[in-house]
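Colleague: Handing you a structure now.
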Amino acid sequence: MIIVQIERVVETGTSPCKTKCPAHISVQGYIKLAAQGKYKEALELIKNENPFPAVCGCICPSECESACTRGDIDSPVAIDEIKKFIAEQDLNIENRYIPRIRHEYDKMKRCLLYQKNLKRL
């Protein structure tokens, strides 16, 4: 069974847990950071893909845990619980981490597009 899991990672280039994650978050990355006590960095990594980890952590179906290759040896890592713990750290501090803006949109262009679409209606 372990060989099959390794082959899946080699074929896709992505770990099975990240592949199963609906938000496609770097699961291995934030777990490693959390294990090192770097909770803020782990939160930054999560929020780069998912700006609402506290909400999503509560409703997540945890498909990543069923794909966890650690389950082939003993039991899967409690990925969702780790993510919830990291997200709670963000809720407990005054200065929350806010991801940088990826795209700057010109407000005038947005207004013009909005007006253009209204005229079509």
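Colleague: With the range 17-78 as the region, which helices (runs of 4 or more DSSP H) entirely inside it contain at least 3 residues that are under 13 Å from the mean Cα position of the chain (by Cα), hydrophobic (A, V, I, L, M, F, W, C) and surrounded by 19 or more Cβ atoms within 10 Å (Cβ to Cβ)?
Modeller: 39-47
Colleague: From the list SER75, SER26, pick out the single residue that is modelled with pLDDT of 85 or more, over 26 Å from ILE98 (Cα atoms) and of a type outside the set (Asp, Glu).
Modeller: Unique residue meeting the criteria: SER75.
The values are calculated or read from the model by the stated rules, or taken from the named source; none is laboratory data. Please read these numbers as outputs of a predicted model, since none were measured by experiment. No Cβ is skipped: glycine too gets one built from the backbone with ideal geometry, and neighbour counts run over all protein chains shown.
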